[in-house]
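Here's the structure, in structure tokens; my notes come after.
The values are calculated or read from the model by the stated rules, or taken from the named source; none is laboratory data. Since the structure is predicted, the reported quantities are computational estimates derived from the model, not experimental observations. FYI the Cβ positions are ideal-geometry reconstructions off the backbone, even for glycines, and counts take in every protein chain you see.
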Amino acid sequence: MLNLLVAVCLTYVVFLFVVAFAADRAARRGRGAWLRSPLIYTLSLSIYCTAWTFYGAVGFAARSGLEYLTIYLGPTLVMIGWWWTLRKMVRIGRSQRITSIADMISSRYGKSNTLAVCVTLLAVIGTTPYIALQLQSVTLSFAAFSSEDRLTGAGNLQLTALYVALGLTAFTILFGTRNLDANERHHGVVIAIALEAVVKLFALLAVGIYVVWGLGDGLTHMIERIDASKLAEFEVSGSRWVGLTMLSAAAFLCLPRMFQVLVVENQDEGHLRTAAWAFPLYVMLISLFVVPIAVAGLDLLPSGANPDLFVLNLPLMAGQEGLAILSFLGGFSSATSMVIVTAIAMSTMVSNHIVMPIWLKVTGGTAVMSGDMRNVALLARRMSIGGVILLGYLYFRLSGAGTALAAIGLVSFAGVAQFLPALMGGLFWRGATRLGAMAGLGVGFALWLYTLFLPSFGAGVILPVDVMENGFLGLSWLRPQALFGADGMDPLVHAVMWSILLNTAAFCAVSIITFPKPVERLQGAQFVNVFEHSRTAGSWSGGLAQSEDLLIMAQRIMGSDEAQTLFAQAARAQGLSGYLPEPSPDFLEALERKLSGSVGAATAHAMISQIVGRATVSVEDLLAVADETAQIMEYSNQLEAKSAEQARTARQLREANEKMTQLSVQKDGFLSQVSHELRTPMTSIRAFSEILRDHDGLRPGDQQKYATIIHDESLRLTRLLDDLLDLSVLENGQVELNVQHGTLAETLDRAVAAAGGAPGPLRITRDRAAENVALRTDVHRLAQVFINLIANARKYCDAADPALEIRVVLQGRDVIVDFVDNGSGIALADHALIFEKFSRLGETKAGGAGLGLAICREIIQRLGGSISYLPGQGGAAFRVQLPHAM
Amino acid sequence: MNRQVLLIEDEPNIIEAISFILSRDGWQVKTHSNGRDAVDVVRARRPDLVILDVMLPGRSGFDILTDIRNSDDLAATPVLMLTARGQRKDRELAEQGGVNRYMTKPFSNSEMLSAVRELVGT
């Protein structure tokens, strides 16, 4: 029998695998529109009905009468009466890319990761008993089939629980973390859940029908039996009814797994419309036969039988093995679907808000972000799934598997209900602040732990018996189940009342006295007024807030100007003005490609899906990490290099400008010099010609003298103009060289003859042997240089017995010709000036305009040589260096 | 009374020409041909008029003018400035320095003579 059960289980699980796999594939290929139908959505909501519902409701009814209805009443009221609140949550969830209830709350309160961590931790604590509950129900039902202890469900269950836990972990990891992609919904999982919803409803209805019409004698007879049973005698406690209804309503909104199917997996807002009537209908059907089964169980089964297992034991007792197995499958379905979705929801929260930030903090400070962050996120999720289920298993082991299912479930409900004030306050009250939410959550959870969770293990297990009976530190008003003297209340109602009351009070009070940060105010407005801000939520659409985030991020990576240009272009392409385009898929792809160039593809993808898609880590964390990446370092180096280049260009421009200014100054100076050099001889010419014209009776000697002056000055003017033209031609490089073969000796002979022709005492010493050097150059131009140098010596050598020595040396490929006189030479300070135009040194004598050496320098440069002043030779010494013809 | 003109100029031919023109008109012409000690010569000679070239070896005519105007004993001496550069900038510089008359080379002899007469105030 047990083997058959295991075989059926395995077959069922394999079937689920196949369905989930097929659905996943169909969805990926874009087929299977029915996968996204409102019916599937409604059925997936049925994970609200867990094994607790399947087995526990009957137990609940057997123990407390109609009270079990409260568990269904709450969600029904929410679905029908709070339809618009749900729609708001769904809209926000889609427009803000919400990934979990922790993400929703943290998002609303300024994307505070601290808050997300708190919610996550509290959700883990709150859901762990619930997972334990599922494991317990599955193991109990297994035990029910084993021959011994069939009716009580005791026995060695731990091993079964472990196997079930491992199997569920495997399934969840396989279908829950196939892909991290922000916009991928878990089609496989959702369809599996929907299928399980059908199985459990069918199973429960089958058992109910069998009990009413198979075991009993039809409906009328059944009603009579119900009237006769003790169920009818249970007194309905008003406070407990109201309390439980509210609690289940709150849990319906706040349970992580409910949030997952209600908001995160939602395909279309419109599905809510169908779900609003279809889900209550489903709940009604599933609760339809609870009372008949409970009554029949109480009647037909021995008094010691566990009411939680009536659903299973009634068919078993009647020998309906097939029905029993169907019933078992229904319970198995309820348990597995709940664990799978809870594990997915919890793993998203744990990995996004706890593991990833820690991982980034640990590695981000030291290592360069090189790897693909998505792999880390996937690993974190898989490990979180394992961790969450493991915790449930541990709780199951610790709590001793004896507590009634309903009690455990209600403890969980009360725990997650603590999210309600922060959640609803965030949706409807813009004044709600992060600190308020934290205060409310903190107070609510502390009270829940103290008044409900810890006592749920039983007095003396965690909380000492003394504390339970006399209060903490012996203060009677701190008794966990009679806080502030509220004695005699039902422990659950007591705990829910105090925790929710004080939670809400703390939330409101702190929100009022604290002031929200800018991000909180922005998010607050987005949440509260979501219908005004968001368009109909599309698959990739988001608000401009996302574009702004993208822009901020892009600016940090690409630089402000480039990022703004890119965004402005995209906005224009979409027909918008300004810098914020709609984050359309096209634009996001373009942006990602752009960013890839700077930070690498993996990081770019993660960054964009971070902002646009579902969060893997907070934006701040990513940016902090991104700032440290090598690529960004490199990018900033490039920026530095660019700015250095700009500085260089600026310097070059400045230098060019200075040079231009300098040239302009030089040109001014040159013109001024030319003017001076021309006007000076003209002054003499004019003055003397006027004297000759106006004054009669000049002495013949004077007349002669003045005419000679006019003549000389005219020659000087001509020479000056010749020199100027010569220099101009040379400087413009327009001079044509007449290259000839010749010897140095011949050239010097010609120069000495030309310059030495004038009368003067200058003695010239030469070394004829050394001068026998072959030249291939413009010998006329070279002679012009030599003439100038000899003439200068003749003019300026101030020795009593002036002499000029011409020395010739061969040095490597060069011929060196030195002209050294025996005068006083040229002062060191003037060495640099003598080759400049108009640089006459000392008192000017008539004749020189100061252009001679400037012309020499130009000529020698044209001839491929150099001329320089040679210091330390006693007198003035000039060195001419020429390449000599080989 | 033979009035004295001090000519500070470095071109020998121009010195000769101006000396001829002025001495024919009855002026006593003293000459000096470098800028370095020109102010000392002015102080020693105490001329009725200084004719000052701008481009002098050793020191610029503008500097000499400034020194003359800044020394109490010489400040009143009339100065006629000669320049061969003829740029407006130079004229402005000279006028700022307190020149009495500014002439550009080449000049006509009669212009020179009348300027000297006018400046000494005969």
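Counting just the residues of segment A:684-707 that are over 16 Å from B:I15 (Cβ atoms) and polar (S, T, N, Q), which one comes out farthest from the other protein chains (Cβ to nearest Cβ)?
So the residue we want is A:Q704.
Could you check segment A:262-275 and list, in sequence order, the residues that are assigned to a helix (DSSP H, G or I) and either crowded, with 21+ Cβ neighbours inside 10 Å or touching a strand residue (DSSP E or B) at 6+ places or on another chain (Cβ under 8 Å) (or both)?
Taking segment A:262-275 as the starting set, the residues that turn out to be assigned to a helix (DSSP H, G or I) are A:262-264, A:271-275.
Result: A:L262, A:V263, A:V264, A:H271, A:L272, A:A275.
Could you check segment B:63-75 and list, in sequence order, the residues that are surrounded by fewer than 18 Cβ atoms within 10 Å (Cβ to Cβ) and more than 12 Å from B:R36 (Cβ to Cβ)?
Answer for segment B:63-75, where residues must be surrounded by fewer than 18 Cβ atoms within 10 Å (Cβ to Cβ) and more than 12 Å from B:R36 (Cβ to Cβ): B:T66, B:R69, B:N70, B:S71, B:D72, B:D73, B:L74, B:A75.
If we scan segment A:81-92, do we find a residue that is under 44 Å from the mean Cα position of the chain (by Cα), hydroxyl-bearing (S, T, Y) and modelled with pLDDT of 80 or more? Break it down stepwise before answering.
Just the residues of segment A:81-92 that are under 44 Å from the mean Cα position of the chain (by Cα), to begin with: A:81-92.
The next check asks that each one be hydroxyl-bearing (S, T, Y); those that pass are A:85.
Still in the list and also modelled with pLDDT of 80 or more: A:85.
Yes.
Filter segment A:556-571 for residues that are at pLDDT below 80, surrounded by 13 or more Cβ atoms within 10 Å (Cβ to Cβ) and not aliphatic (A, V, I, L, M) and give the result.
A:R556, A:G559, A:E562, A:Q564
Taking the stated definitions as given, is A:G243 modelled with pLDDT under 85 and part of a loop (DSSP other than H, G, I, E, B)?
Details: modelled with pLDDT under 85: yes; part of a loop (DSSP other than H, G, I, E, B): no.
Criteria not met by A:G243.
Scan segment A:764-810 for residues that are touching a helix residue (DSSP H, G or I) at 6+ places or on another chain (Cβ under 8 Å) and assigned to a helix (DSSP H, G or I) and report the count.
14
Based on what the data block shows, is A:E746 in a helix (DSSP H, G or I) and touching a helix residue (DSSP H, G or I) at 6+ places or on another chain (Cβ under 6 Å)? Reasoning before the result, please.
Working: in a helix (DSSP H, G or I): yes; touching a helix residue (DSSP H, G or I) at 6+ places or on another chain (Cβ under 6 Å): no.
No; evaluated as a whole, the condition is false for this residue.
Residues in segment A:714-725: is at least one within 10 Å of chain B (Cβ to nearest Cβ) and either without any contact (Cβ under 8 Å) to a residue 40 or more places away in the chain or outside any loop (DSSP other than H, G, I, E, B) (or both)? Let's see the steps before the verdict.
Step one: of segment A:714-725, the residues within 10 Å of chain B (Cβ to nearest Cβ) are A:716.
Keeping just the survivors that are either without any contact (Cβ under 8 Å) to a residue 40 or more places away in the chain or outside any loop (DSSP other than H, G, I, E, B) (or both) gives A:716.
Within segment A:714-725 (the criterion being within 10 Å of chain B (Cβ to nearest Cβ) and either without any contact (Cβ under 8 Å) to a residue 40 or more places away in the chain or outside any loop (DSSP other than H, G, I, E, B) (or both)), the answer is yes, since at least one residue qualifies.
Looking at (1) of a type outside the set (V, I, T); (2) modelled with pLDDT under 90; (3) more than 30 Å from A:K667 (Cβ to Cβ), which one does B:D40 not meet, given that it meets all the others?
(2)
Looking only at residues that are in contact with a helix residue (DSSP H, G or I) (Cβ under 7 Å, 6 or more places away or on another chain) and within 10 Å of another protein chain (Cβ to nearest Cβ) in segment B:19-30, which one is farthest from A:T708 (Cα to Cα)?
Looking at the filtered set, the residue picked out is B:I21.
Taking the residues in segment A:680-697 that are in a helix (DSSP H, G or I) and without any contact (Cβ under 8 Å) to a residue 12 or more places away in the chain as candidates, determine which candidate is surrounded by the fewest Cβ atoms within 10 Å (Cβ to Cβ).
We begin by selecting, within segment A:680-697, every residue in a helix (DSSP H, G or I); these are A:680-694.
Imposing the further condition that a residue be without any contact (Cβ under 8 Å) to a residue 12 or more places away in the chain reduces the set to A:680, A:683, A:686-687, A:690, A:693-694.
Values: A:T680: 26, A:T683: 23, A:R686: 19, A:A687: 27, A:E690: 18, A:R693: 9, A:D694: 12.
Out of the qualifying residues, it is A:R693.
For segment B:98-110, which residues satisfy the criterion of being more than 7 Å from every other protein chain (Cβ to nearest Cβ) and more than 14 Å from the chain's Cα centre (by Cα)?
Once the filter is applied, which keeps residues that are more than 7 Å from every other protein chain (Cβ to nearest Cβ) and more than 14 Å from the chain's Cα centre (by Cα), segment B:98-110 yields only B:S110.
Which residue out of B:I51, B:I68 is more than 10 Å from chain A (Cβ to nearest Cβ) and under 11 Å from the mean Cα position of the chain (by Cα)? Quick ask: steps written out before the conclusion?
Numbers: B:I68 fails: under 11 Å from the mean Cα position of the chain (by Cα).
Being more than 10 Å from chain A (Cβ to nearest Cβ) and under 11 Å from the mean Cα position of the chain (by Cα) holds for just one of B:I51, B:I68, which is B:I51.
Condition (residue is away from chain B (no Cβ under 14 Å), over 28 Å from B:P57 (Cα atoms) and out of contact with any strand residue (DSSP E or B) (no Cβ under 6 Å at 6 or more places or on another chain)) applied to segment A:664-675: is it met by at least one residue? It would help to see each step written out before you state the result.
Here is the first cut: in segment A:664-675, the ones away from chain B (no Cβ under 14 Å) are A:666.
Next, only the ones that are over 28 Å from B:P57 (Cα atoms) stay: none.
No, segment A:664-675 contains no residue that is away from chain B (no Cβ under 14 Å), over 28 Å from B:P57 (Cα atoms) and out of contact with any strand residue (DSSP E or B) (no Cβ under 6 Å at 6 or more places or on another chain).
Within segment B:1-18, take every residue that is within 14 Å of chain A (Cβ to nearest Cβ) and β-branched (V, I, T) and give me the one that is surrounded by the fewest Cβ atoms within 10 Å (Cβ to Cβ).
Filtering segment B:1-18 for residues within 14 Å of chain A (Cβ to nearest Cβ) gives B:7-18.
Subsequent filtering for residues that are β-branched (V, I, T) retains B:8, B:14-15, B:18.
Numbers: B:I8: 27, B:I14: 26, B:I15: 19, B:I18: 26.
Among them, the one singled out is B:I15.
Does segment A:803-812 contain at least one residue that is of a type in the set (V, I, T), in the same structural domain as A:P871 (by TED's automatic domain parsing) and farther than 18 Å from A:G874 by Cβ? Break it down stepwise before answering.
Of segment A:803-812, the ones of a type in the set (V, I, T) are A:806, A:808-809.
Among the residues that remain, those that are also in the same structural domain as A:P871 (by TED's automatic domain parsing) are: A:806, A:808-809.
With farther than 18 Å from A:G874 by Cβ added as a condition, the list becomes A:808.
Scanning segment A:803-812, I find at least one residue that is of a type in the set (V, I, T), in the same structural domain as A:P871 (by TED's automatic domain parsing) and farther than 18 Å from A:G874 by Cβ, so the answer is yes.
Have a look at A:L285, A:L298, A:L314, A:L281 and point out the one that is in a helix (DSSP H, G or I), at pLDDT 85 or above and within 27 Å of A:F142 (Cβ to Cβ).
Answer to the selection: A:L285.
Restricting to segment A:93-123, give me the number of residues that are assigned to a helix (DSSP H, G or I) and within 17 Å of the chain's Cα centre (by Cα). Before the answer, list the steps.
Of the residues in segment A:93-123, the ones assigned to a helix (DSSP H, G or I) are A:93-95, A:101-108, A:113-123.
With the extra rule that they be within 17 Å of the chain's Cα centre (by Cα), the set shrinks to A:107, A:113.
Count: 2.
Which of (1) in a helix (DSSP H, G or I); (2) within 13 Å of another protein chain (Cβ to nearest Cβ) is the odd one out, the single condition A:L653 does not satisfy?
So the condition that A:L653 fails would be (2).
Is there a residue in segment B:84-93 that is within 19 Å of B:H32 (Cα to Cα) and either touching a residue at least 12 places away in the same chain (Cβ under 8 Å) or more than 10 Å from every other protein chain (Cβ to nearest Cβ) (or both)? Can you show your working first?
Filtering segment B:84-93 for residues within 19 Å of B:H32 (Cα to Cα) gives B:84.
When the remaining residues are screened for being either touching a residue at least 12 places away in the same chain (Cβ under 8 Å) or more than 10 Å from every other protein chain (Cβ to nearest Cβ) (or both), the result is B:84.
Yes; the residues of segment B:84-93 include at least one that is within 19 Å of B:H32 (Cα to Cα) and either touching a residue at least 12 places away in the same chain (Cβ under 8 Å) or more than 10 Å from every other protein chain (Cβ to nearest Cβ) (or both).
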